[in-house]
Every structure is written in structure tokens, then in C-alpha cells.
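S.K.: Just dropping this structure here.
Here, each number is a calculation from the coordinates, and none is a lab measurement. Model, not experiment: these values are computed from the prediction. Here the Cβ is made from the backbone with ideal geometry for all residues, glycine too, and neighbour counts use every protein chain on show.
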Amino acid sequence: MTVANPYPHLLAPLDLGFTTLRNRTLMGSMHTGLEEAKDGADRMAAFYAERAKGGVGLIVTGGIAPNLQGRAYPSAAQLSWPWQVGHHKPVTDAVHEAGGKIAMQILHTGRYAYHPLAVSASRIKSPISPFKPWELGRFGIAKTIRDFANCAALARKAGYDGVEVMGSEGYLINQFIASCTNHRTDAWGGEFKNRIRFPIEVVKAVRKAVGPDFIIIYRLSMLDLVEGGSTWPEVVELAQAIEDAGATIINTGIGWHEARVPTIATSVPRAAFAWVTKRLKDANVVKIPLITTNRINTPEVAEQVLADGCADMVSMARPFLADPAFVNKAKANKADEINTCIGCNQACLDHVFEQKLASCLVNPVAGRETELKFIPTARKKTVAVVGAGPAGMATAMYTAQRGHAVTLFDAQEELGGQLNIAKQVPGKEEFYETIRYFKRQLENAKVDLKLGKRVDAAELKGFDEVVIATGIQPRSLAVPGGDHPKVLSYIDVLRDKKPVGKRVAVVGAGGIGFDVAEFLTHEGHSLALDLDGWLKEWGVDASYERGGALTLPQPAPSPREVVMLQRKTSKMGAGLGKTTGWIHRAALKNKRVQMMTGVEYLKVDDAGLHIRVGDKEQVLPVDNVVVCAGQTPLRKLADELAAMGKTAHVIGGADVAAELDAKRAIRQGAELAASL
Ligand SMILES: Cc1cc2nc3c(=O)[nH]c(=O)nc-3n(C[C@H](O)[C@H](O)[C@H](O)COP(=O)(O)O)c2cc1C
Ligand code: SF4
């Protein structure tokens, strides 16, 4: 039976004149760390080939520096010499063999570089790098333009179908364009036409170096989100100039790295910035295709964005980490089988910032295609998995996909374990998708689901393999009055929806403490589902009256007074992700959540929570105390099985439960499944 095209706009080919893209999807640029890894060429080849096989229209690689100064850090990848071409060949060959097309991104970090050779338009330090850049002189500028062109020519030699010139997110090119980073008084600074001379000359030089039949994407910062950023008329003028300079496609860039507005986190509404690309499309001043980007994570949203005329093509970066077969599944009308990117950043961007290899929380195979393989089993075993949280679901799915007979037990009536709690938190609705994905795949793999079933050790004895993924139980507050009716666990609040008073103390400032505070300070719908409300909350001016499009944030009023407490004296939420912790802190600050560190808990009584900070004792007159002070592993079953002489595999929270960690749980489940 043929399936009618479910996504007519998204799956339509795009004719670029000298070549045609098979559909309107772009895998957006992501630096994965494989670029610099010892065995990186083969691993990147496998990584990108998997995405090409999965049907994506065009892939853009992670940023590669055109010269030494342009590297993000001293050992970052660079393409400047012919002998480096061989390193890229396996990648382009593998993608072409898989039927795909791939462009290489050229990224000069400018003042964002983490090394003393950093250069910029002017000698102005960025707030996110300790290195004050050197101002490029006239000859330095000319050489940098030549380096871009040389890099592009080498990319062509290496077999790429195109290059993307990175002109946004606050990197070097953007630093020339914006008046806040370009204080020059020569021909490369001052009035706007001088400040855009650098990107124009770069694109012209690149076009000259690669010839007419080669894709040049220019990533144009359409919304800087910093004070002193480009104005809307400047964005329009730049886009026209970039088209005239020879670009094939313009991609959208949103927000500088130093901007204090979240642009890709899970709490950012889906397609939150498609309106920006639409503004340029509606201006009708450029004829070349426009790409829109950021938080577009399902084929439905991508289709809608195109149907609404926001752009000609849709970039999805992380969604292709989460599911390499995104496009093929959409084409086959199996969107409900897509492993959806939930925007958490935990295994991708956070890893890159920690100089670890990027992967994906919901797809631990991403970036590990050559090593984490699920080979069909030659000896079918019976496998019992106890606990249907992230660890249990992942184990059951991958194990069954290998051909084993898997039974998945959970005492609860629903799949998901702690993910069901996470999805209650405003801004974390995406966790529904992860549960949906696993549910669908468990059905496909014919896993025998025994929900609402508390299994005992005797029932497990007959299985060839037993996996204990029973998770955790929350720690209680070990002080006098720890069992006072005022005291609630986070499960009472988030899952069981017990009533909570107007004044609340949240004990513990890990991920769960932040989630609970977020939950308690929200009223009504989640702003992740309300774009206008979200833009207002973060101070993004959709009317774009000033350069950078910022205005005063207007936080929604909080229905409660919340104070968050922690024993440690370190920064609140120090354990949160590098790229998302600041967002959670800022969001709660906007809601006037008070934060106290170095707190000793003394007791709870009718008067409230008694604490000591330093040598000062005080009573917080709260209606409720919500305990988010960690958890202990639930591994009773494993101990009972051991007493019966049966060894079980213990994974997820039941193994180590210092902090709930879905990333670790899913990865552990996958690794175990590969070995059974
Ligand atoms: C791990 C990671 C690395 C990235 N590296 C780059 C990069 O090298 N160059 C670039 O232009 N954008 C980079 N980005 C930004 C993405 O291209 C994209 O704009 C962003 O992830 C938002 O799109 P998405 O919601 O579809 O993921 C990176 C993003 C991630 C998650
Ligand atoms: S780690 Fe999270 S944000 Fe990154 S690709 Fe995976 S689901 Fe998306």
C-alpha cells in the first residue's frame, strides 16, 4: 500500500539550480568532539552516514576553523592545508554512498576563542571567554578572508557538496557586524555598510574559490538578543548583500552565546523563532532559499512552519542526534516511532562544553555508531526487566530488538517511572515524547508488558537473565518533625498533586529541587506552550524596535512564595547542566524565589521550618516543606535474588541514585542490552 505524502512541504525536493536536495530538511551544524578525536574520521563517517541513510536532505558538519586563531580552543579542528583533506574523505564518501549530501561549516570563533591568540574586530573581551582578543589589522583581515576561501576550496577537494559560512551566534563575523563589538574607525567599522564588508568579502572570496556549482550556506544572525545587536533593517540589508555576494542559501542564526535568553533549551517553545525567518521571507527582498531553525523537533511542526511560509527549508540539529531515521519515519507515516529530541542538552551541548563527545540522552548510540551495536542474537534468551522507568524501558527495547524474549514488569500502571514526574514540570512537557517513543517501540519489539504487577523474586527465578531497574525512593528529612503533616516529598507534589500552601520551603537544590520550585511558582498553562507569553517572560521584543530585539522581561506572577535551601555553600544548582543551569536560576529569580545556601535543618513544627545559617537560628514560617534531598536505591529484589543464588543485573537509579539521571539510566540500559 502506498502512503500518501504526509508532509508535502517538508518532503518536497529543493532545486538549487546546479543540484537538487531530496527534501527540505537540513541537519544543522553540531560540533560533536569527533572532529578532534583520534579515531574521529571513521566515527564521523559512521555517524553522518547513518543520518544520510535516514533520509535527511542536507547535512552540515560541526564548525571547522579556517585558521589557527579561529579555533575554539587550542586543539580544535582546522582545515587549512591539503594534507588535511584525507581526514575528511571517509566522511564525504560515506555520506555519498548512503545517498546523502553534506556541507562543511567554516567557523571562526573570534573573541569566543579560549586561547590567547583570539582575534576580533575590536579589542573587546567577551563575557564568556577570559581571553581579551587582539584587534585584527588590515592585513590580518585580508588574510582571514583568504583563509576562509582556502578552507572552502579544500572542503570542495575533500568531497563536500558545500560549505556553511558561520556568520551568527556572536562569532567573528557577527563581531564585525554588530556595533557593540566593532568599534573600528577604518573601512571595516563605523557605519553599517562598513561593518558588513567583512562577511560580504568572505562570501565573495569563498564563491570565487569554489566555483558556481557548489552550495554556500550563510548562517545569518537574524536575532542577536544582545544590547547593541543588529536592527531589523540591518538584518534585511545584510541578507540582500549576502545573496548578491554569491550565497546559495541563507540559514537563520538565533542569539549570541553570551545572550541571556534561552534559545534551545527544553522550556523554549517549539519553533519559537520561526517568526524571525518569516519576517525576512515576508520582506521579499531575497530570492535564495531561507532556512529556519531552533526547537523544531517533530515532522508536524516542521511541516507547519513551511506551510505557514516561514521558510523554504527547516534546520533540525539535535533531532537528528535523537533519531537518525527521522525523515524516513516521517515519509513512511510513522512519526509516532520517532525518538524525539526533548531539548535537554544533557548529552549533547553539555558534553561539548565539558570537552566530552556529544551524544544524546534519548539515543545513546549517537556518536557511538561504531561501538554500540545491537547485533541480532544467535541464542534467544528469556529476559525479565523489572521497572519500566528509563533504564528498564531502554533495556527492554534494545534487548527485544536483538531477538530475545523480554518481559517488562512495573508495579505502576503506566510506563515511564520518574519520567512521568518530570513531564509534570512546566517546561518539561517534552518528556511525554520519550515515554511515547518507548511505548511504541516496546510494542513493535513485542515486549511482554506486565504493568500494575509487583513481581517477587520467586517469579523471576526461571528467567535466563534478570534486570533490576526498580529505581529509587526519595530520602526523607531526618530531623525532629520530619514526619510533620507540613512535610511533603517531591513525589507527593509532582505525581500525587497533594495540596501545597502559599508559603513553601524547598529543601535541596539539585535538579528535582529546581523542578519543584518551577512547578510551585507556575499558575495556569506552561509558557513552553505559549510563545507570546514566553517571549514576554524573557524580554524578547517580537516587534524588533531596537537592535538585538530585547525589551524588559515580564515574568508571570507566582502563586506562591518559595524559598529554596541547600546545605552546601556552593552556588545553587551547581550540579545542573552547564548550558541550562543559568536558565533555571534566572527563571526562579524572575519569580522571586529566595535562595539560601549553607543551611542546617533543625526541626519542623507548626511554626514552620527551623534552620541555622552560620550561627543564626531562624524559623521560616512556611505552610509546607517539600523535601528534594536526594534518593536511595530500591534494590530489595536484587538482594532477594542474590540470597536465592541468582545474580541479577542492577541498573539505573537502583544501581546508583545520587541524583535522578535519565541520561545514565538509558545509556546503561542500552549497554547492558548490547551485551546480553
Ligand atoms: C552539541 C551541539 C553543537 C553545536 N555546534 C554548532 C556549531 O559548531 N556551529 C553552529 O553553527 N551551530 C552549532 N550548534 C547549534 C545548532 O546548529 C542549532 O542551531 C541548535 O542546536 C538549535 O537547533 P535544534 O533545536 O534543531 O537543535 C550546536 C548545537 C549543539 C546541540
Ligand atoms: S541530549 Fe537532549 S537535547 Fe541533546 S539531542 Fe538528545 S534529547 Fe536532544
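S.K.: Taking 8 Å as the Cα distance limit and 6 or more residues as the minimum spacing, I'd like the relative contact order of the stretch 14-354 as a percentage.
M.R.: Relative contact order for the stretch 14-354 comes out at 16 percent.
S.K.: Please go through the residue pairs 157/278; 281/356; 497/591 and name each one whose alpha carbons sit more than 29 Å apart in this structure.
M.R.: Among 157/278; 281/356; 497/591, the Cα-Cα distance tops 29 Å for 157/278; 281/356.
S.K.: With 10 Å bins from zero, work out the P(r) of the stretch 14-354 over every alpha carbon pair and list the percent per bin.
M.R.: All Cα pairs considered, the percentages come to 6, 28, 38, 24, 5, 0.
S.K.: Separate question: Any idea what the alpha-carbon Rg over 2.2 N^0.38 Å comes to for the chain?
M.R.: 1.00
S.K.: What spacing in nm lies between the two simple spin-label points modelled at residue 454 and residue 592, each 7 Å away from Cα in the Cβ direction?
M.R.: Distance between the two pseudo-spin positions: 4.5 nm.
S.K.: Note the full-extension length gain between residue 414 and residue 440 as 0.36 nm times their separation in residues minus their Cα-Cα distance, in nm to one decimal.
M.R.: 8.0 nm
S.K.: Tell me, what is the FRET efficiency for residue 607 and residue 192 to the nearest 0.05, using R0 = 56 angstrom and their Cβ-Cβ distance as r?
M.R.: That pair, residue 607 with residue 192, gives E of 0.35.
S.K.: Would you kindly state how much longer the chain becomes between residue 377 and residue 37 on full extension, computed as 0.36 nm times their sequence separation minus their alpha carbon distance, in nm to one decimal?
M.R.: Extra length from residue 377 to residue 37 when fully extended: 119.3 nm.
S.K.: Among 207, 195, what is the fewest-to-most ranking by other Cβ atoms within 10 Å?
M.R.: Values: 207 18, 195 23.
With the sparsest Cβ surroundings first, the list reads 207, 195.
S.K.: Grab the Cα-Cα distance for residue 532 and residue 647, subtract it from 0.36 nm times how many residues apart they are, and report the gain in nm with one decimal.
M.R.: Full extension of this stretch gives 36.0 nm more.
S.K.: With 10 angstrom as the radius, rank 423, 591 by how many other C-beta atoms surround their C-beta, starting from the fewest.
M.R.: 423, 591
S.K.: Can you spot the aspartates and glutamates whose alpha carbon is less than 17 Å from residue 453's alpha carbon? Ignore those fewer than 8 places along the same chain.
M.R.: 410, 413, 414
S.K.: Let me ask another. Could you tell me which GluC sites (Glu not before Pro) in the stretch 377-449 are loop residues by DSSP with no more than 13 other beta carbons within 10 angstrom of their beta carbon?
M.R.: Working: sites: 413, 414, 429, 430, 433, 443; in loops: 413, 414, 429, 430.
In loop regions of the stretch 377-449 (DSSP not H, G, I, E or B), the sparsely surrounded GluC sites (Glu not before Pro) are 413, 414.
S.K.: Sequence gap at least 6, Cα distance under 8 Å: using those rules, report the relative contact order of the chain to the nearest whole percent.
M.R.: 12 percent
S.K.: Still on this model: Convert each backbone phi in the stretch 67-75 into a coupling constant with the Karplus relation 6.51 cos²θ - 1.76 cosθ + 1.60 (shift: θ = phi - 60°), then list the ³J(HN,Hα) values in order as whole Hz, x for Gly and Pro.
M.R.: 7, 4, 5, x, 5, 5, 8, x, 9
S.K.: At R0 = 30 Å, how high is the FRET efficiency between residue 525 and residue 285 if r is their beta carbon distance? Nearest 0.05 is fine. Walk me through the numbers on the way to the answer.
M.R.: Working: r = 37 Å, r/R0 = 1.22.
Calculated value: 0.25.
S.K.: Would you please give the FRET efficiency between residue 636 and residue 554, computed as 1/(1 + (r/R0)^6) with r the Cβ-Cβ distance and R0 = 56 Å, to the nearest 0.05?
M.R.: 0.70
S.K.: I need the phi-derived Karplus couplings for the stretch 523-529: 6.51 cos²θ - 1.76 cosθ + 1.60, θ = phi - 60°, integer Hz, Gly and Pro marked x.
M.R.: 10, x, 6, 7, 5, 5, 10
S.K.: Also, quick follow-up: If you plug each phi of the stretch 141-158 into the Karplus form 6.51 cos²θ - 1.76 cosθ + 1.60 with θ = phi - 60°, what whole-Hz ³J(HN,Hα) values come out, in order, with x for Gly and Pro?
M.R.: 5, 4, 5, 4, 4, 4, 5, 4, 5, 4, 4, 5, 4, 5, 4, 4, 4, 6
S.K.: Further, regarding this structure: Under a plain spin-label model, where a point goes 7 Å from the Cα along Cα-to-Cβ, how far apart in nm are residue 370 and residue 146?
M.R.: 3.5 nm
S.K.: Spin-label point model (7 Å from Cα, Cβ direction): what's the residue 15 to residue 185 distance in nm?
M.R.: 5.3 nm
S.K.: Can you sort 578, 446 by how many other beta carbons sit within 10 Å, fewest first? Don't jump to the answer; show the numbers that get you there.
M.R.: On the way: 578 14, 446 11.
Fewest-to-most Cβ neighbours within 10 Å comes out as 446, 578.
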